[in-house]
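What follows is a set of notes on a single structure, which appears directly below.
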Amino acid sequence: MIKKLLLLSLIASQLMISCSSDNSDEVIPEVKPDPKPEVELTIEEQIAALLKQPYSNLTPAQQKTKFEAEANEMLVQLDKSKTSGAIEAIKNLGRLFSLKHIDLFDGKSQNGVEEVLNISGVYGTYTWDDAKKTWTKTASTTELKFVFPAKEGQTTNNAVLTSKSTSSNIKFSNVDTYAEWGYNSETQQYGPITPSVQDWFYLPSTVEALLTINGAQSATFTSNAKYSSQNKSPEDYSYKLALNDGYTWEMSGKKGTETTSKALFTYNGKSLINFNVTSSADIDKLIENVELSQYKGKANTLFTIMDNFIVIGNTDLAADAADKEALYKNNTRPASPDGENPKSDYKAYYTALNAYEKKISDGKAASFNKNTKLSLVSKKDGTKIADIVLRSEKVGDDYLVSLPVWNAQGKYWTWSPNGELFAQPYLEEVIYLKFNDTTEAAMSVYFSEIFNSLRTKFTDFTSAFQTKSK
């Protein structure tokens, strides 16, 4: 968590006592109290302090130049991930999985039999056979291991990924075999002929994994979780991926009266991205019914880019949900015209539909601006750069629809390319930066190139940990 530097003062007192018996002065040494320990502020206190910062005196153009200089430093750090041996090995493992699927449960999943499957049931050593383009398995009762080439195009198996897990006492169901649907002649109804078959899995409480390349440690992964017996959701979780190339990605969360979630992405100990959020939402109640706005509570967010720029947020989730509910309740979507009534007015319908969608988009932006307070802050300068607001806008080209025409012979309205063209705009709630001089600029335009580059670089990094089917 970001720590606000507190002003610590040492009170020095010096007592000078004069002794007149021998006309000599006795000097008492200076006494200093122990310094007060640095106090870690809550996220609410951090946000409150940051919101009090004055606006920067820099112009929007100067702020843009300053931000891009900071973000470019981050791009340099992310670019270094391209040479990461660990990331390259993980990508290649994902590629090999896509070439040849591994059935970790040896046919016990999707076999039409309801079973309880344990973590130890997936243990084994899988070695990549490059000549046959397949995995060969040898038995193991202690670990799950993959032996494979660290690079694409390489034939030597010089990378080893080893994983060990322990099971919790919480199990969840997963469909083993889906029900077969068809027409039931006995009930004379269409529905399931055979029932679905469920397998049960024990959720892991701990996971430890180690990646080695040419016998040397290259990456480690650790994960811990405790689960709710009520709905099997995580009560407390954490995981950490550490690459020997210098990159570390950590996430943690804890559910409670105040639910917290944190994420940190660093390179050689330097923070690149730091995300911290707390919420008073009743997660268990929302799992039961996400539409119950009274359980959504409030949320506070701190999102830091590099060591300087911070996006801070304070959201009343319950009020936002209530406002949106009222928005839809007070604005009725126009009913579709009667396709068999010659007096139906499709142009009036689409005109009303455009007006309705504009009201909804405007209402969503207004609800956000009312219930969410977001600001972009410069930590180094101790100034607020801009507030973040939403504006409803038309984006892209309009969708052109050909209005239906009346078929007098069939006595119904029919779609026809000869119908009058009618424009339907695409509306979005666009993020804007609102500066001290009241000027506004769309964030996507203001930081278009730099944000696109940041998104691309970070996506490149995270894609290493995702397997894609070919």
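The values are calculated or read from the model by the stated rules, or taken from the named source; none is laboratory data. It should be emphasised that the depicted structure is a prediction, and the values quoted were computed from it without experimental measurement. FYI the Cβ positions are ideal-geometry reconstructions off the backbone, even for glycines, and counts take in every protein chain you see. When the accessible area is computed, the model is the full protein with side chains, heavy atoms only, and any ligands, DNA or RNA have been set aside. Shrake-Rupley method; radii C 1.70, N 1.55, O 1.52, S 1.80 Å.
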**Prompt:** If we scan region 355-371, do we find a residue that is in contact (Cβ under 8 Å) with a residue 40 or more places away in the chain and more than 37 Å from the chain's Cα centre (by Cα)?
**Reply:** no
**Request:** Being open to solvent by 30 Å² or more (accessible area, probe 1.4 Å), β-branched (Val, Ile, Thr) and assigned to a strand (DSSP E or B) is the filter; apply it to region 135-161 and report the residue that is modelled with the highest pLDDT.
**Result:** Val160
**Complete:** Ala179: passes all of (1) under 21 Å from Ile90 (Cα atoms); (2) surrounded by 12 or more Cβ atoms within 10 Å (Cβ to Cβ); (3) among the aliphatic types (A, V, I, L, M) but (1)
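In a strand (DSSP E or B), surrounded by fewer than 16 Cβ atoms within 10 Å (Cβ to Cβ) and touching a helix residue (DSSP H, G or I) at 6+ places or on another chain (Cβ under 9 Å): is that true of Ser167 in this structure?
Details: in a strand (DSSP E or B): yes; surrounded by fewer than 16 Cβ atoms within 10 Å (Cβ to Cβ): yes; touching a helix residue (DSSP H, G or I) at 6+ places or on another chain (Cβ under 9 Å): yes.
Here the answer is yes, as Ser167 does meet what is asked.
Would you check if Lys324 is among the charged types (D, E, K, R), more than 21 Å from Tyr412 (Cβ to Cβ) and surrounded by fewer than 18 Cβ atoms within 10 Å (Cβ to Cβ)? Walk me through how you get there before you give the answer.
Values: among the charged types (D, E, K, R): yes; more than 21 Å from Tyr412 (Cβ to Cβ): yes; surrounded by fewer than 18 Cβ atoms within 10 Å (Cβ to Cβ): yes.
The answer is yes for Lys324.
Could you identify the single residue in Gly112, Gly121 that is modelled with pLDDT under 90 and either loosely packed, with under 14 Cβ neighbours inside 10 Å or part of a strand (DSSP E or B) (or both)? Let's see the steps before the verdict.
Working: Gly121 fails: either loosely packed, with under 14 Cβ neighbours inside 10 Å or part of a strand (DSSP E or B) (or both).
When all the criteria are applied, what remains is Gly112.
Only one of Ile385, Ile310, Ile305 is in contact with a Lys or Arg (Cβ under 7 Å, 6 or more places away or on another chain), within 30 Å of Tyr267 (Cα to Cα), touching a residue at least 12 places away in the same chain (Cβ under 8 Å) and among the hydrophobic types (A, V, I, L, M, F, W, C); which? Write out each step before concluding.
On the way: Ile385 fails: in contact with a Lys or Arg (Cβ under 7 Å, 6 or more places away or on another chain); Ile305 fails: in contact with a Lys or Arg (Cβ under 7 Å, 6 or more places away or on another chain).
Unique residue meeting the criteria: Ile310.
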**Prompt:** Going through region 178-228 one residue at a time, which ones are of a type in the set (D, E, K, R) and in contact (Cβ under 8 Å) with a residue 60 or more places away in the chain?
**Reply:** Asp199
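Of all residues being hydrophobic (A, V, I, L, M, F, W, C) and surrounded by fewer than 16 Cβ atoms within 10 Å (Cβ to Cβ) in region 194-231, which is nearest to the chain's Cα centre (by Cα)? Just the residue, please. So that I can check it myself, show each step before the final result.
Start the filter on region 194-231 by keeping residues that are hydrophobic (A, V, I, L, M, F, W, C), which leaves 197, 200-201, 203, 207, 209-211, 213, 216, 219, 221, 225.
After this cut, where a residue has to be surrounded by fewer than 16 Cβ atoms within 10 Å (Cβ to Cβ) as well, the list is 200, 216.
On the way: Trp200: 28, Ala216: 32 Å.
Per the criteria, the residue is Trp200.
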**Fill in**
Exactly one of Gly253, Gly191 is among the small types (Gly, Ala, Ser) and surrounded by fewer than 16 Cβ atoms within 10 Å (Cβ to Cβ), and that one is Gly191
